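What follows is a short report on a single structure.
The values are calculated or read from the model by the stated rules, or taken from the named source; none is laboratory data. Here the structure is a predicted model, which is why all the values come from computation and not from measurement. Note that we place each Cβ from the backbone using ideal geometry, even for glycine, and neighbour counts take in every protein chain shown. Each accessible area value is taken on the protein alone, full model and side chains, heavy atoms only, with ligands, DNA and RNA left out. Shrake-Rupley method; radii C 1.70, N 1.55, O 1.52, S 1.80 Å.
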Amino acid sequence: MAGLVEEIQALALDPTVRVADLLRRVKLAAVKLKLQDAVEWVDLELQGYAGIEDKDVPRYRHFTGRLMEQSPHFGIKPAYGDPETLRVFSYVVLKEAVSSLEELAQAKGTLGSPLDADLEKMLHKNGEGYLRSYHVSLGHNVPVSILSHVKDMVMDWACALESQGILGEGISFTVEEKKKAEEAAQSITIHNYGHLHQGDVTGHQNRAVVGSSDQSINSLEINDTFDQLIQAVDSSIGNENDREAILEIVRAMQTAQGTPEYKPLFQKWVGYVAEYAAILGPFVPALSGLID
């Protein structure tokens, strides 16, 4: 009788097996072996990342789509404007549970992710004043690629267990196997998950994603936002020239908020967001809301 680890490997190879069902097997094994990082990762994939800040969502759930606008007069068409701004606003973090992603993977055509309300407000201010809404268009391959990546991670994890001599018998593990798992815990972690809370991802603020919700930066008082941004830039951007340039702009924005000088400073700051998305991106909605 095959052990649980070999069963997980076989299921990961089977294209007909739902990823959600595969992950439940992973959770069972991880709980029995007391591999907590794997348990936490599985729970997030099964339940979704709603309420998790974008920077703490795994890299494989970050995508660049195409910003589209819709109006009663012109229908749906690509949004136009400053290319760098459009690129930043077209970045999407998909926080859906894997079961929802599996449903989306079966859909035909493109997917639409509504734009964050604060960013949409900013685009309205910069536009021509006619009624319109925005969304980011994503290819059908996006949920497919996430599900494929999750399966790859599971396979790597199961192979790492096997390399340590941990296979199980049925759905049980011996005392010796549990001891091996405890001793080798650092080498059999779920790849990428162990770094989630250290900012080891890229992405930005787009939180209104296909049925998800999030609180993040909007819960901060604006008086604290600039101080937190300055701290994030100072501690996380290694390039000295960029760091000093961004800090200079941010301090100028802080001084200029509520005046006509704020908008051009904000637009200049946005130019850095694409390169330092994980650090600067979460602040975009709050700072865009200060544009008069």
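Annotations for the structure displayed:
- Förster-model FRET efficiency, 41 Å R0, GLN106 and LYS178, C-beta, rounded to 0.05: 0.60
- Between the beta carbons of LEU13 and GLN70, assuming R0 = 45 Å, the FRET efficiency works out to 0.60 to the nearest 0.05.
- Per residue accessible area of the stretch 1-82, 1.4 Å probe, in Å²: 51 Å²
- Charge tally in the Cβ shell below 12 Å around SER137, where Lys, Arg are +1 and Asp, Glu are -1, SER137 excluded: +1
- Expressed as a whole percent, the accessible surface of the stretch 131-181 that belongs to carbon and sulfur atoms is 55, based on a 1.4 Å probe.
- Legend: residue pairs LYS95/LYS151; LYS55/LYS77; LYS27/LYS179; LYS55/LYS108; LYS34/LYS179; LYS77/LYS263, Cα-Cα distance threshold 21 Å; pairs beyond threshold, LYS55/LYS77; LYS55/LYS108; LYS77/LYS263.
- Percent carbon-and-sulfur accessible area, the stretch 32-115, ignoring ligands, DNA and RNA, probe 1.4 Å: 51 percent
- Note on GLU169 and ASP234: the extension gain reaches 18.2 nm, defined as 0.36 nm multiplied by sequence separation minus the Cα-Cα distance.
- Put simply, the Cα atoms of the stretch 227-292 extend 32, 20, 19 Å along their principal axes, the longest span coming first.
- ³J(HN,Hα), Karplus 6.51/-1.76/1.60, whole Hz, each residue of the stretch 275-283, x for Gly, Pro: 7, 10, 4, 5, 8, 8, x, x, 8
- Based on C-alpha pairs under 8 angstrom that are at least 6 apart in sequence, the stretch 1-125 has a relative contact order of 23 percent.
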